[in-house]
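One structure is given below, encoded as structure tokens.
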Amino acid sequence: MIRSMTGFGRAQAAVEGYNITVEIKSVNNRYFDFYAKMPRTFSFLEEKVKSLLSTEISRGKVECSIQIETTADESVIVSVNEPLAKGYVNAVEEIAEKFALKNDLTALSIARFSDVLSITKAPVDEEDLWDKVQSVVKDALDSFISMRETEGERLKADVLSRADTIISNVAYIEERSPETVKQYSEKLLERMKNVLGDTQIDEARILTEAAIYADKIAVAEETVRLRSHIDQLHTLLSADEAVGRKLDFLVQEINREANTIGSKAQDVDIARRVIDIKAEVEKIREQIQNIE
């Protein structure tokens, strides 16, 4: 299914002591360009998230924002700096003895001295947290992909509609082109009659001139290739893979054939149809810039 490169997906869940919120959004980009926003404490998740998203996203500038809040009582570790505590005890005893003071030192008073106790959070089980975050990321990714596919279908419908308009103009050119040769022959014959009067006209020369003119303005090869390119366009738009780059190349080929027909056109009506084709090609080009 065709997907747009722009999209947004969001998911939120409370998972075993954590509130996890994930948002994924993207804009057009030639390649897959990933950027993560999350607390530095959980930066170890970035590569895992990138790897997961890259399995479903091939093109686009993708930003993934992850918020993780702890709802359970956080485990903490209280450590004692024993050398520093011993130093404080010795210093207090020395002061008490030297100045004949009462030594009323207690464990609590020692603990209050700077840096005797240090408090740290218990280390995070990275794999366990990833299991929890991963499920929320997948939900956000499903929502993100769904929006991309919906937008992709709209783009596909628009491109195919414009492709039909191109084919309609190609059909007119194919029908009109032989008529221009006939009109040229008739005008040439009329001019020669006016110039030569009653003198016998060389019909073979008329046919030769008409044949030369027909060869000069012949666009059958170009229209056949144009039809073939449009058929390929339909095929690509029905593919189950990223086809944005292929479409970009194909549209260049369609435009090239239209330019060739335009350069050969000696008829005003055909020239107008070529302009219409090129206008549709340009609109298709703009649309496929949004296709993954």
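Bear in mind these aren't lab numbers, they're just calculated from the coordinates by the rules spelled out. Source: prediction; values computed, not measured. All Cβ positions, glycine included, derive from the backbone under ideal geometry; neighbour counts span all protein chains shown.
Listing for the model above:
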| item | result |
| --- | --- |
| Computed over region 1-160: relative contact order in percent, which uses C-alpha pairs under 8 Å that are six or more apart | 37 |
| Sequence-distant residues sharing a close amide H with Gln266 (under 5 Å, placed H) | none |
| Region 90-128: trypsin sites (Lys or Arg not before Pro) in DSSP coil with no more than 11 other Cβ atoms inside 10 Å | Lys102 |
| Spin-label model distance (nm) - Ile167 vs Phe8, 7 Å beyond Cα toward Cβ | 3.7 |
| Estimated vicinal HN-Hα couplings, Hz - region 95-107 in sequence order (Karplus 6.51, -1.76, 1.60; Gly, Pro = x) | 5, 4, 6, 5, 10, 6, 10, 6, 8, 9, 5, 10, 4 |
| Segment Val27-Thr71, length gained on full extension (0.36 nm per residue, minus Cα span) | 12.5 nm |
| Contour minus Cα-Cα distance for Glu126 and Glu47 (0.36 nm per residue) | 27.2 nm |
